[in-house]
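Read through the structure below, which is laid out as structure tokens, and then see the notes.
The values are calculated or read from the model by the stated rules, or taken from the named source; none is laboratory data. All of these numbers come straight from a predicted model, not from anything done at the bench. Glycine gets a Cβ as well: all are built from the backbone with ideal geometry, and neighbour counts include every protein chain shown. Calculation scope for accessible area: heavy atoms of the full protein, side chains included, ligands and nucleic acids excluded. Shrake-Rupley method; radii C 1.70, N 1.55, O 1.52, S 1.80 Å.
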Amino acid sequence: MDEYSRFVDWDKMDATIQTQDSKELICTDFQEFKQLARQGCWAKNHSLRAKVYLKLIGNIPCRTVTPDANVYRDIVVKIIGKRNTGTLPLPEFVDNNLVPNYCLNAEGIGAVRKIICCIANQFPDISFCPALPSVVALLLHYSRDEAECFEMVCRILACNDPSKRLIDQTFLAFESSCMTFGDLVNKYCQAAHKLMVAVSEDVLEVYSDWQRWLFGELPLVYVARVFDVFLVEGYKVLYRIALALLKVFHKVRAGQPMESDNVQQDIRAFVRDIAKSVSPEKLLEKAFAIRLFSRKEIQLLHMANEKALQQKGITVKQKRQNVHLAVHAENFKSEIVSVKEMRDIWSWIPERFALCQPLLLFTTLEHGCSLNRFYSHSEGHEPTLLVIKTTAKEVCGAYLSTDWSERRRGGNKLSFFGTGECFVFRLQPEVERYEWVIIKHPELAMTTSERGAKSTQVSTVLSSSSNPSDSSDRLSPFLAARHFNLPSKTASMFMAGSNECIIIGGGDGQALYLDADLNHGRSSHCNTFNNQPLCSENFQISAMEVWGFKDTMNV
């Protein structure tokens with residue numbers, strides 16, 4: 001065996017890995033390195049992977065004073081002493097996670113605990129890092145001794161490049177990454193998301209497990225392939241792999257009975273046995289086939305979720321298991337939607353607002369059908385949820401990201417506003433959510449006169465959106481248009497209001513139009529919502545409600 005075999009139980013390892021001759025990797029170009037990582041160039045060569053990891057981690061920019069191998073040799077005896085490594089208590093910040101064995105031998109399993117305890121001694125600022133045991137156990141496979149593994153993990157933890165995000169080390173960062181993952185599932189895995197909503201009482205709690213799928217449940221051969229690409233391309237890779245896992249789970253388990261109490265356990269068990277469903281190569285292929293937006297936009301979304309958590313005082317791990325709040329049946333009352341239907345809607349909204357409880361702001365049954373009264377009760381709240389029931393017993397509505405007071409910016413002129421987070425939905429006769437296709441086709445948001453004047457500008461936007469190698473100008477489906485290089489008129493054609501009417505949806509038609517007395521409306525075939533009307537083209541309103549988002553966190 002080679003010098004990287006000390007902690008490995010080769011009887012449990014893939015035999016093909018240990019038979020490969022040692023090689024050197026000669027590669028300096030990032031794009032070439034990225035392709036080699038995705039193709040698994042060093043996946044079948046234990047020594048080569050060890051050398052690649054040492055090189056990649058050695059190039060991570062770190063804090064000036066970062067603990068190295070010599071520090072470990074100096075402190076390990078003092079910290080561990082003669083204690084039995086198998087019974088060493090792990091620091092609280094790993095959240096009582098089981099330490100994965102990853103085909104380590106007895107010495108390796110004990111070494112993982114020793115290294116984690118020494119890391120806790122050197123990094124007192126770490127408050128929550130459940131992925132750490134998995135990272136240490138994995139890197140120990142590719143280390144000549146404990147000290148070298150300690151140094152590699154410390155370099156990952158001490159990365160000081162603001163543009164490079166590696167491992168979450170606080171509960172705030174971890175929880176906001178879980179919320180961001182939930183937003184991505186909502187957008188990119190709608191079929192799987194619909195299944196999760198149907199079988200789980202708290203879909204947010206299911207998505208909070210996403211890092212455990214990667215760093216805990218995935219078998220060694222899979223997590224090593226993920227880590228290969230992660231070290232080259234960064235944190236975004238983890239989102240991709242987790243989304244791919246959920247897609248495969250949905251494909252395999254769709255149509256099979258699942259109990260809501262066991263959804264989390266079902267997914268964990270599925271990930272542990274992932275080899276029965278998909279190979280590492282196929283999983284990576286599925287992951288990179290998902291068209292995600294840029295790293296910049298993920299950072300913006302993560303920041304928005306983190307800010308929402310900070311505003312609610314959620315910065316440390318709570319004693320209770322779940323900090324998310326669902327729609328509580330005992331506190332919820334609506335003349336239009338049931339608790340189950342409201343929970344469905346709640347699962348579609350951005351997760352930073354799903355932390356809040358629904359607050360009834362306006363209802364025609366109590367406040368009458370005055371448009372001015374509608375505005376007076378809705379203004380000052382952002383976002384809001386509009387729900388309508390027609391006399392034909394159809395139920396539809398819209399999630400509106402922007403305060404209705406924005407309508408005044410156009411003076412007496414009817415002007416549109418809103419962000420890409422807006423969407424419309426139908427609950428009766430069937431449940432359906434319609435996304436804003438202007439996100440993908442900004443030219444639809446322009447009037448005929450504007451198109452000529454803005455044609456050059458729009459063509460630039462569209463060309464950048466269709467180029468997979470440059471997605472920096474693509475409009476995020478979550479955040480405000482002000483973050484991106486899009487014409488403001490192009491990016492804000494969604495909601496409009498005046499003293500005469502309300503319009504939800506812009507572009508080539510009026511998707512939803514409500515008249516001044518809030519008794520009648522029109523639902524048009526409109527490109528904005530995939531050429532689908534929400535309800536009858538001419539309808540009478542039986543009831544209408546506007547809901548806000550009330551912060552009821554008590555932490």
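Scanning the stretch 345-369 for residues that are closer than 25 Å to THR180 by Cβ and among the aromatic types (Phe, Trp, Tyr), we see that the one that is surrounded by the most Cβ atoms within 10 Å (Cβ to Cβ) is TRP346.
Screening the candidates LYS236, LYS282 for the property of being open to solvent by 10 Å² or more (accessible area, probe 1.4 Å) and at pLDDT 95 or above yields one hit, LYS282.
The residues listed here are SER127, SER176; of these, the one that is in the same structural domain as ASN305 (by the TED database) and over 24 Å from PRO219 (Cβ atoms) is SER176. Within the set ARG295, ARG272, ARG291, the sole residue that is at pLDDT 90 or above and surrounded by fewer than 20 Cβ atoms within 10 Å (Cβ to Cβ) turns out to be ARG272. Pairs linking a residue in the stretch 266-278 that is free of Cβ contacts under 8 Å to residues at least 60 places away in the same chain and assigned by the TED database to the domain that holds GLY216 to a residue that is outside any helix (DSSP H, G or I) and not charged (D, E, K, R), with Cβ atoms under 7 Å and 6 or more positions apart or on different chains, are ASP266/MET258; VAL271/LEU218; ILE274/LEU218; ILE274/PRO219; ALA275/PRO219. Every condition in (1) open to solvent by 20 Å² or more (accessible area, probe 1.4 Å); (2) touching a strand residue (DSSP E or B) at 6+ places or on another chain (Cβ under 6 Å) holds for GLU201 except the one numbered (2). Among residues of the stretch 283-309 that are over 18 Å from ARG38 (Cβ atoms), those with a beta-carbon under 8 Å from a residue that is modelled with pLDDT of 85 or more and among the β-branched types (Val, Ile, Thr) at least six positions away or on a different chain give the pairs ILE298/THR180; LEU301/THR180; HIS302/THR180; ASN305/THR180.
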